[in-house]
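S.K.: I'd like to ask some things about the structure below.
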């Protein structure tokens, strides 16, 4: 599944050899409103939460930035941040969606948008979790470019937990993951307390997290790069969340002109190698490239 950060749909894709092929699209949110059964309360209803300098904007795009997969579902996260160019708060960017794998399989054989097939779930409770995070709540809904505002770009599910990778804030040299129980985010009756939220600070050399994937040994693979416009390379790290350690694996030097490494997929992992697919923002068609990484 792939997501367009300026749309309301997710697209099913297949990857064979060196070809990525788009298929049917699955509608996640409406044009001007969240689905009626969205779990939790819209965060923008609390004026104390809306700190984007240009105030509130209309419900528009999901601003989808991250996709993850577990044994039952695909998860899609909006940026959960102010609009990068307008500094406005859009409730549509603060949604987490969950789509059963069976729905995706059905869509893979369809030629049209899938609007009614279900079930699909949406939730505002990831915002609730972020606002409970001891350090990161102070960066929630702040302007991205000038205030180091919180911005999701990576997502992974491992061991029953949803890991959110933040492009920002970067505090000092530290980037952040936030981990929580995946099921609580879709349970309206389950309170979320500070003890339920795990902040994981990582030294990525001042880089923010651009995407996440789960490695065969349970560690997370983090694609890292500049949080804003810093002169930093794109790099890969093997992350052990429990010990809050990040081991450098490789820098990505073969980057398309003007491209920004944005999406990561592990195609295969051997005892000493990682076969990766990386897509790039600001490059035509995402300029997908395969990398074979030596783990020795």
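No value in this document is a laboratory result; all are computed from the given coordinates. Predicted, not measured: the structure shown is a model, and the values here were computed from it. Virtual Cβ from ideal backbone geometry, glycine too; neighbours counted across all protein chains shown.
S.K.: Once R0 is set to 45 Å, what does the formula 1/(1 + (r/R0)^6) return for the Cβ-Cβ distance between residue 281 and residue 106, expressed as a FRET efficiency to the nearest 0.05?
M.R.: 0.95
S.K.: Taking springs between alpha-carbon atoms closer than 10 angstrom, which of 33, 198, 80 fluctuates most in the Gaussian network model of the chain?
M.R.: 33
S.K.: A follow-up question, please. Could you let me know the centre-to-centre spacing of the range 202-235 and the range 245-269, using Cα atoms, in angstrom?
M.R.: If you average the Cα positions of each part, the centres end up 8 Å apart.
S.K.: For residue 217 and residue 171, what is the calculated FRET efficiency with R₀ set at 41 Å and r taken between the beta-carbons, to the nearest 0.05?
M.R.: 0.90
S.K.: Further, regarding this structure: How far is the Cα center of the range 4-23 from the Cα center of the range 61-109, in Å?
M.R.: 14
S.K.: Residues in the range 179-221 near a label at residue 268, defined as backbone nitrogen under 18 Å from the 7 Å Cα→Cβ point?
M.R.: Within reach of a label on residue 268, which here means backbone N under 18 Å from a point 7 Å along Cα→Cβ, the range 179-221 contributes 215-217.
S.K.: Moving on. Over the chain, what relative contact order in percent results from Cα pairs under 8 Å that are six or more residues apart?
M.R.: Normalised by residue count, the contact order of the chain is 12 percent.
S.K.: Still on this structure, please answer the following. Evaluate E = 1/(1 + (r/R0)^6) for residue 251 and residue 194, where r is the Cβ-Cβ distance and R0 equals 30 Å; express this FRET efficiency to the nearest 0.05. All intermediate terms of the calculation are to be shown ahead of the outcome.
M.R.: Numbers: r = 36 Å, r/R0 = 1.20.
For R0 = 30 Å, the calculated efficiency reads 0.25.
S.K.: First check a/c for the range 154-296, with a ≥ b ≥ c the square roots of the eigenvalues of its C-alpha gyration tensor; if it is under 1.5, answer rounded, and if not, answer prolate when a/b is larger than b/c or oblate otherwise. If you can, show how the numbers build up before the last one.
M.R.: On the way: a/c = 1.72, a/b = 1.49, b/c = 1.16.
Here the range 154-296 falls in the prolate category.
S.K.: Taking 0.36 nm per residue of sequence separation and subtracting the Cα-Cα distance, how much length would be gained by fully extending the chain between residue 84 and residue 244, in nm to one decimal?
M.R.: 54.7 nm is the gain from fully extending residue 84 to residue 244.
S.K.: Quick one: grab Rg to one decimal and Dmax as a whole number for the range 2-294, Cα atoms only, in Å.
M.R.: Cα radius of gyration and Dmax of the range 2-294 are 17.9, 51 Å respectively.
S.K.: With springs only between Cα atoms under 10 Å, which of 155, 279, 221 fluctuates most in a Gaussian network model of the chain?
M.R.: 279
S.K.: Further question: Most fluctuating residue of 274, 236, 142 in a GNM of the chain with Cα springs under 10 Å: which is it?
M.R.: Fluctuation is largest for 274.
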